[in-house]
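Trainee: Handing you a structure now.
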Amino acid sequence: MKKIASYFVFLVTCLSFIAPAAMAGERGAWDYTVDISSKFGRGLTNIVTSPVEIPCNVANEMDSMGPYKGFLPGMGLGIFKFGRRLFNGVLDIGTFVIPSPNEMPYVCEGRKEKPVTADAV
């Protein structure tokens, strides 16, 4: 009985990797492999870089609203974006066998760094 169950598990595992590649249509199995590997990597990147959202958003809000007014809204927005990026990373890793487009922006996208002047040194 164990032997039959192990063959069944092996067959289901093989079919779960072959079926989506066959359904890809004109795109080949290589494109499917590239898509799922990039989705897995994107998920890992989102998980690792998610804590960076908090200081980045605090800095953005402090630059736009002022150093004292912008801290709490920036912290709230940063914690929200941290959770969203972490959730998307876990979701990407959990469903990496299903290819999907990347709709998540990069961390700190749109952040404009202030140039360092001689007065600041």
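The values are calculated or read from the model by the stated rules, or taken from the named source; none is laboratory data. Keep in mind that what you see is a predicted model, and the values were worked out from it rather than measured. Cβ: placed from backbone, ideal geometry, glycine included. Neighbour counts: every protein chain shown.
Trainee: For segment 35-46: of the residues being surrounded by fewer than 17 Cβ atoms within 10 Å (Cβ to Cβ) and hydrophobic (A, V, I, L, M, F, W, C), which is modelled with the highest pLDDT?
Mentor: 44
Trainee: Looking only at segment 47-90, which residues are loosely packed, with under 15 Cβ neighbours inside 10 Å and within 13 Å of residue 108 (Cα to Cα)?
Mentor: 51, 55
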